[in-house]
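Heads up, the thing below is written out as structure tokens.
Please treat every number below as a calculation from the coordinates, not as lab data. Computed from a predicted model, the values in this text were never measured in an experiment. Neighbour counts are summed over all protein chains in view; Cβ atoms, including those assigned to glycine, are modelled from backbone coordinates with ideal geometry.
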Amino acid sequence: MCGIFGVYGVQDAAALTQLGLYSLQHRGQESAGIVAVDDTGQARASRAMGLVSEGFGDDEMALLRGPIAIGHTRYSTAGASAIENAQPILARVRRTHIALAHNGNLTNAVELRRDLEDQGAIFSSTMDSEAIVHRIARAEGRSPEERVANALRGVEGAYCLLVVLDGTVLAARDPHGWRPLVMGRLGDGWVFASESCALDIVGATLDREVQPGEIVAVDALGMRSMQALPAAPINRCVFEHVYFARPDSTVFGGSVDRSRRALGRQLAQECPADGADIVFAVPDSSNSAALGYAEASGIAYELALIRNHYIGRTFIQPTQAGRIAKVKVKYNPVRELLEGKRVVMVDDSIVRGTTTRGLVSLVRAAGAREVHMRVSSAPIISPCYYGIDTPRREELIAAQMTHEELVRHLGVDSLGYLSIDGMLSAMPKEPDGYCHACFSGRYPTDIPSEPELLRAGGAAPATAGMS
Ligand code: 5GP
Ligand code: SF4
Ligand code: MG
């Protein structure tokens, strides 16, 4: 998964982009980058491994001049996390530049890359996104948006793109609309972002979503919209609302806080825990869902797990310490609240089950008498091919165990998951406009023929994942 942000027509666009990327840090912590274009058409890039706060020094920011900028935060778990895979990509072609930032995963990246390589294209990264840059470089069109539209015909899978092409900023969303992308106004300028929380930080006002299949172009001629790609069934990612997006964002036209609370209320209805003393969240991703659960059940909401906010994702590797130690670095239970209590622990999802198992034993060690686990999504049983790094099926605990085995394995007194229908009923807009393949196993499109190769962006040997 990744976060993308872009600005057109505001001075110091790069500084605004840096701010926007801070708000999208949760969508990717592996690398961050900004490309800025100045008034003379000169494009400059700065990319670094790690967090936004580590990536851009004052000297670098001073070089990123101009009224146009796009930025990217990247998240991937597979293979090498390498600087050549950091985005935005900046290529110089036909005496101008193409800059591109991508959120999503292409499902035909292997085929696209092979075709381009057969035609003599040379790739400098293992990202699927680079194939789009090559296609834009080769595409013809009377306008920038037509050129990008022509490049995108034949590209399959999930993408939200921000592109800078010779002084025009373009935003594109695939016709299925898996990933979110919004646009807003800032003075006379335009701002684009994966989530609306990034508009807030720069003081922009939310205008609307970029629609599935739409290309928006902004340049000296103004803003133009083109419904560029053939209509397709809408498959918004339900997991954006369940886990990924920030609760202070509006995603797919609805508040994430509101949908998470609705998920929690629905969970309380479907999986009550009668007689429990307290309900608490596994912070932070399930805070809102646990609040909803407490609201609907009438059970007292407590902050019984405290999360340490200073732990980087890679601080402790699985090989360096045992499961419990790893969990303990991140969470500490409040003994005062747990001792002797029958507790409901709410989390948004269970993937491998390792964190959950560690947490349950931590909560028990702090004195909880009964632990009732409630999950505000359905069991994850299938991998995602549309931009979220769910592991292979063999590592998905709910795909490997029966309900009774899971209860024993996690060490809980009871375990309740939300139904798929219950989950979809909490989403904004109509429930059949959502992808739920990782929960149902029903993929809305053909799945990739070579998923392992795809994880490497279509490049062999498989060295890096891209999302
Ligand atoms: P598990 O028990 O499966 O090891 O971990 C479950 C926790 O992982 C939950 O708290 C959930 O919020 C979190 N989670 C779910 N999906 C992802 C993801 O894609 N990346 C990360 N870092 N955490 C995730
Ligand atoms: Fe989202 Fe799951 Fe569909 Fe992937 S498979 S796009 S995570 S709902
Ligand atoms: Mg979590």
How about segment 283-313: which of its residues are within 15 Å of ligand 3 (Cβ to nearest atom) and surrounded by fewer than 19 Cβ atoms within 10 Å (Cβ to Cβ)? 283, 284, 303, 306, 307, 308, 309, 311, 313
Filter segment 77-106 down to residues that are in contact with a helix residue (DSSP H, G or I) (Cβ under 8 Å, 6 or more places away or on another chain), surrounded by 24 or more Cβ atoms within 10 Å (Cβ to Cβ) and more than 14 Å from residue 34 (Cα to Cα), then give me how many there are. 3
Out of all the residues in segment 133-183, which are of a type in the set (D, E, K, R), outside any helix (DSSP H, G or I) and touching a Leu at 6+ places or on another chain (Cβ under 8 Å)? 153, 156, 173, 174
Tabulated pairs, segment 265-284, first at positive phi, second more than 16 Å from ligand 1 (Cβ to nearest atom), C-beta under 9 angstrom, 6+ apart or interchain: 275/342; 275/370
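Are any residues in segment 341-374 within 19 Å of residue 417 (Cα to Cα), away from ligand 1 (no atom under 12 Å from the Cβ) and surrounded by fewer than 21 Cβ atoms within 10 Å (Cβ to Cβ), and if so, which ones? Can you show your working first?
So the first thing to find is which residues in segment 341-374 are within 19 Å of residue 417 (Cα to Cα), and the list is 342-360, 370-374.
Pick out the ones that are also away from ligand 1 (no atom under 12 Å from the Cβ) and you get 342-344, 370-372, 374.
Passing the criteria: 342, 370.
State all residues of segment 377-426 that are within 11 Å of ligand 2 (Cβ to nearest atom) and either assigned to a strand (DSSP E or B) or aliphatic (A, V, I, L, M) (or both); if no residue qualifies, say none. Steps first, answer last, please.
Step one: filter segment 377-426 for residues within 11 Å of ligand 2 (Cβ to nearest atom), giving 377-378, 380-390, 420, 423-424.
Matches in segment 377-426: 378, 380, 381, 388, 420, 423, 424.
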